[in-house]
Amino acid sequence: PAGAGAGAGSRGASPARRKGKARRGRGKARSEGLLGKQKRSRRMKANDRERNRMHHLNSALDALRSVLPTFPDDAKLTKIETLRFAHNYIWALTQSLRLA
């Protein structure tokens, strides 16, 4: 009885598993190509967003550099130097207003 029940259960499950695997296999090949295209498309869009973000950030830093007094005038500050200098410059202006 135990062997008969195990045999019947395994025979009944085998064809269903084969059908499922066969379908997944055929669908997988089609969906892998589609997923690859979708991934490339998403990556390209993310790259475009990041490129635009960096362009906007660099434009903002250029605008900030243009209002900061630098010596010599032709020296271009790095991004971190620009932020630190702007912070210190604002702090110095605030202190001079407090003393005035």
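The values are calculated or read from the model by the stated rules, or taken from the named source; none is laboratory data. This is a predicted model, so every value here is computed, not measured. Quick note on the areas: whole protein, heavy atoms, side chains included, nothing else; ligands and nucleic acids left out. Shrake-Rupley method; radii C 1.70, N 1.55, O 1.52, S 1.80 Å.
Across the accessible surface of region 27-99, with the other protein chains kept in place and a 1.4 Å probe, carbon and sulfur atoms take up 61 percent.
Take region 27-99 with all the other protein chains still there, run a 1.4 Å probe, and you get 87 Å² of accessible area per residue.
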